[in-house]
1. For segment B:142-172, how many residues meet the condition of being away from ligand 2 (no atom under 16 Å from the Cβ) and in a helix (DSSP H, G or I)?
2. Can B:K113 be described as modelled with pLDDT of 95 or more and more than 11 Å from chain A (Cβ to nearest Cβ)?
3. Let me spell it out: the conditions are (1) of a type in the set (D, E); (2) assigned to a loop (DSSP other than H, G, I, E, B); (3) over 24 Å from the mean Cα position of the chain (by Cα), and B:E87 meets all of them except one. Which number is the exception?
4. State whether the residues of segment B:48-59 include one that is surrounded by fewer than 15 Cβ atoms within 10 Å (Cβ to Cβ) and within 14 Å of ligand 1 (Cβ to nearest atom).
5. Would you check which residues across segment B:201-225 are modelled with pLDDT under 85 and either surrounded by 16 or more Cβ atoms within 10 Å (Cβ to Cβ) or among the polar types (S, T, N, Q) (or both) and list them?
6. Consider segment B:192-209. How many of its residues are over 17 Å from B:G165 (Cα atoms) and within 14 Å of ligand 2 (Cβ to nearest atom)?
7. If we keep just the residues of segment A:59-107 that are among the basic types (K, R) and within 13 Å of chain B (Cβ to nearest Cβ), which is farthest from A:P206 (Cα to Cα)?
8. Yes or no: A:A156 under 21 Å from A:L238 (Cβ atoms), in contact with a Ser or Thr (Cβ under 8 Å, 6 or more places away or on another chain) and of a type in the set (G, A, S)?
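The values are calculated or read from the model by the stated rules, or taken from the named source; none is laboratory data. Quick caveat: nothing in here was measured; it's all calculated off a predicted structure. All Cβ positions, glycine included, derive from the backbone under ideal geometry; neighbour counts span all protein chains shown.
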Amino acid sequence: MFRVFHAEIMKLRKTKIYWLVLLGVLPACLVSSMALLPKISSDGTPIDLDMQEMFYHQGMVLSVFGPALFALITGYVVAREYQERTINQLFSYPTSRTIFLIAKLLVVLSLIVITVALPFVFAIGSTLLIRHTLDIPVLWLGMKMNIMICVLSFGAIPTAAALSMVGKSIMPNAVLGVIVSLFAGISEAKHSMSSILFPWLTPYWPVRDLAQDIAQSGPNPYVIPALTILILTFIISLIFCIVYYNRADVHSGT
Amino acid sequence: MITLDYVLRTYHLTKRYKDKVVVHDLNMNIKAGDIYGFLGQNGAGKTTTLRMLMGLIRPSSGEIELFGTGLNGNKNKALERIGAIIEYPGFYLNLSAVDNLGIHRRLMGMGNKECMDEVLTTVGLHDAKHQKVKNYSLGMKQRLGIARALLHRPELLILDEPTNGLDPGGIKEIRQLFLDLAKQRGITIIISSHLLNEIEQVANRVGIIHQGKLLEEIDHETLQKRTRHYLEIKVTDEQRAAYVLEQKLGVTDYFVTEPGILRLYEHLDQSTKINLTLTNNGIGVKEIALSGDNLEDYFLKITGGE
Ligand SMILES: Nc1ncnc2c1ncn2[C@@H]1O[C@H](COP(=O)(O)OP(=O)(O)OP(=O)(O)O)[C@@H](O)[C@H]1O
Ligand SMILES: [Mg+2]
């Protein structure tokens, strides 16, 4: 298994996939660095740097851009085997096709973790630089949020894999990505709680919990149904991927 | 140790797409050490057959036996012993030849790195090994495909139109490589092609597939006899024509296929002279044509279209 995973990582060398990762990391860092600027409250006293706000903003960016980015990354990792016509060779190895699928999903998970972890590290680093201390409980909050973003984002990945597998192209994922990000942007601007019912937007749940000054705070009442939907989506599309990968007649190119 | 007679056999191998039968009841028999030419026109079903051998697609019915055991349940064991290019030598374009072979090495579970240089030299790509495959020509990809197929020292090579994209010099080189591999390492090689003369020059056994059916499996000599080039001469009097050609031009290798038609296996480039000789001796020549040089004619012959 590690052999196959390592081979999958090797395939990504010198590809544009890392630019995609940066496309998520940079805005997240940028937005959170705005919290570093000195601020004055309405009554004229300076406000202390707020790490929770930093994490919240990062989470916002990631839960808007993330779904599109991660769908594209998944699309690339799966569809390139068809587009570069390597699928015949891939399935000629003495390794089960399910192993290849799992290795690919793990590669995507790794890239998600990198995309989420880098802004987090940036936030900690810049806070340390400016204040020389860390608020440990808030740090834990941020850590928890980021881990949840990773896990919840991964929930929708098999669906993206299924799309690019059937379409043998990254295009369906690009379309899906744009739609989902637009939708995420709109519903997060409204601080919608029910939007997390949509599997691609579930990562907004831990983000919203970190918000401090919105009208309706408190626990999100949709968490249980949202998680149920996400888990079902994950399981069903994963099963679909495994069955499709294993059963499909393999043709490279046209 | 038991020596295996057959490296590969298929029994009634059939592939159907909806109600179209693409490969029909194929019984192939390939012995150890054979260079087996799998010959057929475009769309005959060659790639489809090779895909089934590699387990890339499922046969609709029939059996495949590799290295003496059925493919079912033993697929991965068999695949470790096979090197293949199916349809197109696909590579990760962002990576160099060496990196692509590195991935192959890893996925085949091989330890040593030296073998990569060895195969790259074998196929003449050593100097281009750090170039991205994106910048490779089809001929170079084809060579790299052969290198990859050889890397894990397979016992059986399955190559789908491997000379596609190669220049004449390259074709000759690769042909020699195949002959060496078979002779020196005892590797069994299956090569598909739609070119009769290409197969003729390298294969010792030939399977001919036409519209999904294996028409025959023959050895090299039989194929050569069947596909000899000849001049077909249509004349008014074939007996007298034969006499004149024997006397004036000294021909001996000919026969009369039917009244008025003479088939001549020599002096193939002298149709003008033949025409002149016959006419000067009072024999009417209606037509002289060179035939038997292509697969088409050959198929017409064995499918009874002649
Ligand atoms: N997935 C498919 N669905 C339907 N028909 C198919 C499919 N794949 C192949 N065929 C048909 O099967 C026939 C044989 O195709 P195949 O690719 O095996 O031919 P081939 O002998 O390799 O030809 P070529 O010399 O052009 O490579 C063709 O008529 C093709 O249209
Ligand atoms: Mg073909």
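1. The total comes to 13.
2. no
3. Result: B:E87 passes all but (3).
4. yes
5. B:H220, B:T222, B:L223, B:Q224
6. Of the residues in that region, 1 qualify.
7. Result: A:R85.
8. Spelling it out, A:A156 is indeed under 21 Å from A:L238 (Cβ atoms), in contact with a Ser or Thr (Cβ under 8 Å, 6 or more places away or on another chain) and of a type in the set (G, A, S).
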